[in-house]
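The block underneath contains the structure these notes are about, expressed in structure tokens.
The values are calculated or read from the model by the stated rules, or taken from the named source; none is laboratory data. Remember, it's a predicted structure, so these values are computed and weren't measured experimentally. Reconstructed Cβ throughout: ideal geometry from the backbone, glycine too, with neighbour counts over all protein chains shown. Protein only, heavy atoms only, side chains kept; ligands, DNA and RNA dropped before computing areas. Shrake-Rupley method; radii C 1.70, N 1.55, O 1.52, S 1.80 Å.
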Amino acid sequence: MNVELFDGDYILQIYDDLMYTLNSTDNKYIYDNEYYDRSLANHHFLSKCGLSIMKDGDVLKSAIVMSSGGPTRVHPKSFVIDDSSLIIIVGNKASCLSIPDLVLDWQTECDYACCFGIYRFSGDFLVNGELEITRIDKSGNIKWQFSGADIFVDPEGEDCLFISNDRIKVRDWNGDSYLLDSDGKPVV
């Protein structure tokens, strides 16, 4: 999926670049910045997200974010724009890049496996991971995490996380539902 967002004079393009290989001269795109866990430099990353900032048809800055964990792809719930920052989930991490220079401000592992969606929540963000629901603040600090009896994926591909006021309802693979308060505690 290729997403184009318009922010004033800029166009932000977000796309999967699954064929990208570190240190290869055969890559389709050359990026200004590569963001990944340097300790995994010889690792084959399953999730690779390309980003470009354009103005008047010219690419001003570009970056690729690569992550370990399960494979993820770009979709409408894989990112949030917050002021002049892009918070995007790639693999098992949430990454914050500044707009328009695409400099990495922070990166946080939000799930051991992979992340499916990111949502605004009471001035922070909720990440719907496979194994955990994670609340992070605007600096990428984990405030709390919640695990259920099974993975937070719907077998039919339907949404499994819903937010209403200060309550979070999440459903796992077994169909079990959990109602959480804003501190990640089950509501009885």
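What's the Kirkwood radius of the chain in Å, using all Cα pairs? Let's see the in-between values first.
Working: mean 1/r = 0.0585 Å⁻¹.
The answer is 17.1 Å.
So if a site counts as exposed when it's one of the GluC sites (Glu not before Pro), its DSSP state isn't H, G, I, E or B, and it has at most 10 other Cβ atoms within 10 Å, what's the longest stretch of the chain without one? List each step's numbers first, then the result.
Details: sites that count: 156, 158.
That gives 1-155 as the longest site-free run.
For region 14-21, in order, what is each residue's ³J(HN,Hα) by Karplus, 6.51 cos²θ - 1.76 cosθ + 1.60 with θ = phi - 60°, in whole Hz (x at glycine and Pro)?
10, 7, 6, 10, 5, 8, 5, 10
Work through the residues other than residue 33 whose Cβ is under 15 Å from its Cβ and net out their charges, Lys, Arg +1 and Asp, Glu -1. All intermediate terms of the calculation are to be shown ahead of the outcome.
Numbers: positive: 38, 48, 61; negative: 17, 32, 34, 37, 101, 105.
Here the count lands on -3.
Given a 1.4 Å probe and every protein chain left where it sits, what share in percent of the accessible area of region 142-188 is carbon and sulfur? Present the calculation step by step, with values, prior to reporting the outcome.
On the way: 1320 of 2960 Å².
Of all accessible area on region 142-188, carbon and sulfur atoms account for 45 percent.
Less than 18 Å apart at the alpha-carbon level, and either on another chain or at least 8 residues along: which lysines does that give for residue 48?
Partners found: 28, 61, 77, 93.
Excluding ligands, DNA and RNA, what is the solvent-accessible area per residue of region 7-111 at a probe of 1.4 Å, expressed in Å²? Show your work: numbers first, answer last.
Values: 5030 Å² over 105 residues.
For region 7-111, the per-residue accessible area is 48 Å².
Can you run phi through the Karplus equation (6.51, -1.76, 1.60; θ = phi - 60°) for region 64-78 and list ³J(HN,Hα) in whole Hz, with x for Gly and Pro?
Going residue by residue, I get 10, 10, 10, 8, 7, x, x, x, 10, 10, 5, 7, x, 9, 8 Hz, with x marking Gly and Pro.
What does the net charge come to around residue 16 if you take all other residues with beta carbon closer than 12 Å to its beta carbon, with K and R at +1 and D and E at -1? Intermediate results must be reported in sequence, preceding the final value.
On the way: positive: 28, 48, 73; negative: 17.
Overall, the nearby charge balance is +2.
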